[in-house]
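**Student:** Can you keep this structure in mind? I'll have questions shortly.
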Amino acid sequence: MAAESSAYIALGANLGDVKRNLRRAIETLDATPGCRVTGVSPWYRSRAIGPGNQPGYLNGVMALATTLDPHALLDLLQALEAAAGRERMVRWGARTLDLDLLLFDELSLADERLTLPHPRLAERNFVVYPLSDLAPALHLPDGTPVSDLRIALGARGLEATFATLEQSDD
C-alpha cells in the first residue's frame with residue numbers, strides 16, 4: 001500500500017448552485033480511490049477578485065490524505081472543476097467551482113503545470129483564514145506559520161458564515 005501524503009485544497013465558487021458544487025467536490029474527492037478527506041474548514045464569504053461585476057465567493061479549505069502524486073491530484077481537481085461547468089475563458093473570472101492545490105506535504109515545486117506551495121496562498125485572506133481555522137499549527141515549507149499570515153493579512157472583505165455547508169439558510 002502506498003504511503004499517504006497530506007494535501008490542502010482551497011475551494012471556492014460564485015456561480016450556479018455554489019453550495020451543491022462545493023459539497024459535490026468534497027464528496028467526490030472523499031469517494032475517489034487514493035483520497036480521503038480528513039477535514040473541512042468553516043466557510044467564508046469574500047469579495048470577488050477579478051474582472052467585471054462578479055458576485056461574491058464562498059470559500060473554504062479541505063485537508064486530504066492521498067496516495068496520488070501532486071500532478072495526478074491536480075488533474076483530478078481540474079476534472080472536478082470541468083464537471084461542475086467551469087470554463088477557463090477569463091483569468092480570475094467568475095466560476096462554478098475553483099479547486100486550488102495549496103500544499104502537498106512539505107513539498108516545494110515549480111514546473112510548467114504546478115507550483116507548490118500555491119504561489120498566491122500568502123496573499124489571499126480568503127484562503128489563509130479557512131486554512132488556519134482547519135490547521136492552526138500548520139507551517140509552510142519555508143517555516144512560515146499560517147497563523148502569522150492570518151494576522152498579517154487581516155480579515156478585510158471576509159465574512160465568516162457557517163461551519164458546514166448544511167448550516168446555511170441560503
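**Student:** Of all residues being surrounded by fewer than 14 Cβ atoms within 10 Å (Cβ to Cβ) and of a type in the set (Asp, Glu) in region 132-166, which is nearest to residue 6 (Cα to Cα)? Just the residue, please.
**Tutor:** Across region 132-166, the extreme among qualifying residues is 142.
**Student:** Further question: Which of (1) closer than 20 Å to residue 106 by Cβ; (2) modelled with pLDDT under 95 is the odd one out, the single condition residue 55 does not satisfy?
**Tutor:** Status for residue 55: all satisfied but (1).
**Student:** Enumerate the pairs (first residue in region 114-140 and closer than 11 Å to residue 10 by Cβ; second residue anywhere and part of a strand (DSSP E or B) and charged (D, E, K, R)) with beta-carbon separation below 8 Å, excluding pairs fewer than 6 apart on the same chain, so at least 6 apart or on different chains.
**Tutor:** Going by the 8 Å Cβ cut-off, the qualifying pairs are 118/100; 127/100.
The values are calculated or read from the model by the stated rules, or taken from the named source; none is laboratory data. Since the model is a prediction, treat every value here as computed from it, not as a measurement. Cβ: placed from backbone, ideal geometry, glycine included. Neighbour counts: every protein chain shown.
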